[in-house]
Amino acid sequence: MNIIDEILKLKKEKNAVILAHCYQPVEIDEVADFVGDSLYLSKMAATTNADIIVFAGVHFMAQSAKLLNPEKKVLLPNLNSGCFMADMIDVKQLREFKNQHPNIPVVCYINSTAEVKAESDICCTSSNALEIVKSLNAKEVLFLPDTYLGKWVEHKLGNVKVTTYNGFCPTHLRIRTEDINNARKMYPDAEILTHPECHWEVCKLSDFVGSTKDIMEYAKKSKGKQFVIATEKGVVDRLNRDSKLFGWEKEFILIKDDIICQNMKWNTLEDIYNSLKYEQHEVNVDKEVFCYAKKCVERMFEALKTGSIK
Ligand code: 13P
Ligand code: SF4
């Protein structure tokens, strides 16, 4: 039996579900039940009936799945899968940031540890950051760790001061305004689709800014035939695969070759197989922070449902 069939068999035997982020190596989709961005995968994690969740993504994503499913076993196939941005702020730094700006609601990007979520008021993802900040009905918010997503939200909303922590994604920051200008020259008919973790000057020059899943949906629906993608390579791999598979006759070009998140590329099919077989590596959240961090993520879903939060 090949490794894909072995994984599918184990998945059935153990009543497991495999969630895969769209920056994962593309072959992981062969065994995944759901593939998408952070928000979509959190929603899937919140509603699954499986006993085991294998999270093909990075650590903070598996942690969020655990927060939403305390009674389930959540597994991260390869323990190297961290996130540089999530590691840029710890609780001590968060407290200092809050002390410098007292009595202002704290919005944390889902790319953060459970400890940081536990001391934040509400969480957001890249696809709902605007809605979440709006739902607070505040004149000013603190936003962390990603300074660029925060600045993008401030620019888009126009009536909320967004004071940001100085975190960033090293992968997305490699994309510069010159790259957008060059792409415009080389591919004058292409639309440029960008993730909001990019520098906000890069976002401003783009045709569309959205989460990984939003970018993929936009590209699918657009009447355009050529697209330059300013986010991680996994998105381009999936779009070109689907274009071929479904006869879209569309071309997707990665803005430049090195837009690869190494953290997202550790997981292999073999790691997933071992993870399911030996039920390794289990992700847990400290008891002291669990319910506070959970509340932070649940408030995001509540705000999305009601449109406002007290
Ligand atoms: P999404 O919310 O678009 O999935 O982004 C997560 C991420 O880590 C992007 O770098
Ligand atoms: Fe973290 Fe950036 Fe990788 Fe996303 S792309 S997981 S923010 S390091």
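The values are calculated or read from the model by the stated rules, or taken from the named source; none is laboratory data. Here the structure is a predicted model, which is why all the values come from computation and not from measurement. Here the Cβ positions follow ideal geometry from the backbone for every residue, glycine too, while neighbour counts run over all protein chains shown. Side chains included, ligands, DNA and RNA excluded: accessible areas come from the protein's heavy atoms. Shrake-Rupley method; radii C 1.70, N 1.55, O 1.52, S 1.80 Å.
Remarks
- Placing unit charges on the Cβ atoms of the charged side chains and taking the dipole of segment 119-238 about its Cα centre, the candidate lying farthest along the positive direction among Thr212, Val228, Cys124 is Val228.
- Dipole size of the chain about its Cα centre, with +1 on Lys/Arg Cβ and -1 on Asp/Glu Cβ: approximately 780 debye, rounded to the nearest 20.
- Near Thr164, the amide H atoms lying under 5 Å from its own belong to Phe143; only residues 5 or more places off or on other chains count, and H is placed 1.01 Å from N.
- Segment 100-167 shape via C-alpha gyration tensor axes, a/c threshold 1.5: rounded
- Mean residue ellipticity at 222 nm, helices only, the chain: -13000 deg cm²/dmol; runs of at least 4 DSSP H residues each add -39,500 (n - 2.57), and the sum is divided by the number of residues.
- Backbone phi angles across segment 113-122, fed through the Karplus curve with coefficients 6.51, -1.76 and 1.60 (θ = phi - 60°), yield HN-Hα couplings of 6, 4, 5, 6, 4, 4, 10, 10, 7, 7 Hz in residue order; Gly and Pro are listed as x.
- For Lys256, the lysines whose Cα comes closer than 23 Å to its Cα, not counting residues fewer than 8 places off in the same chain, are Lys185, Lys204, Lys213, Lys220, Lys225, Lys233, Lys244, Lys265.
- When peptides 9-16, 106-113 are ranked by their average number of other Cβ atoms within 10 Å per residue, the highest-first order is 106-113, 9-16.
- Prolate/oblate/rounded label for the chain (Cα gyration tensor, a/c 1.5): oblate
- Note on segment 1-97: with charges restricted to the Cβ of Lys and Arg (+1) and Asp and Glu (-1), its dipole about the Cα centre is near 360 debye.
- Here segment 66-129 is treated with +1 on each Lys and Arg Cβ and -1 on each Asp and Glu Cβ, and its dipole about the Cα centre works out to around 160 debye.
- Proximal aspartates and glutamates to Lys223, defined as alpha-carbon separation beneath 14 angstrom and excluding residues fewer than eight positions away on the same chain: Asp189, Glu191, Asp207, Glu249, Glu251
- The apolar share of the surface of the chain, taken as the fraction of accessible area on carbon and sulfur atoms (1.4 Å probe, ligands and nucleic acids excluded), comes to 49 percent.
- Accessible surface, the chain, averaged per residue in Å² (probe 1.4 Å): 45
- Spatially near lysine pairs across segment 1-132, Cα under 28 Å, sequence gap of 8 or more or different chains: 27
- Amide hydrogen neighbours beyond the local backbone of Phe34, cut-off 5 Å, H modeled: Ile18, Ala20
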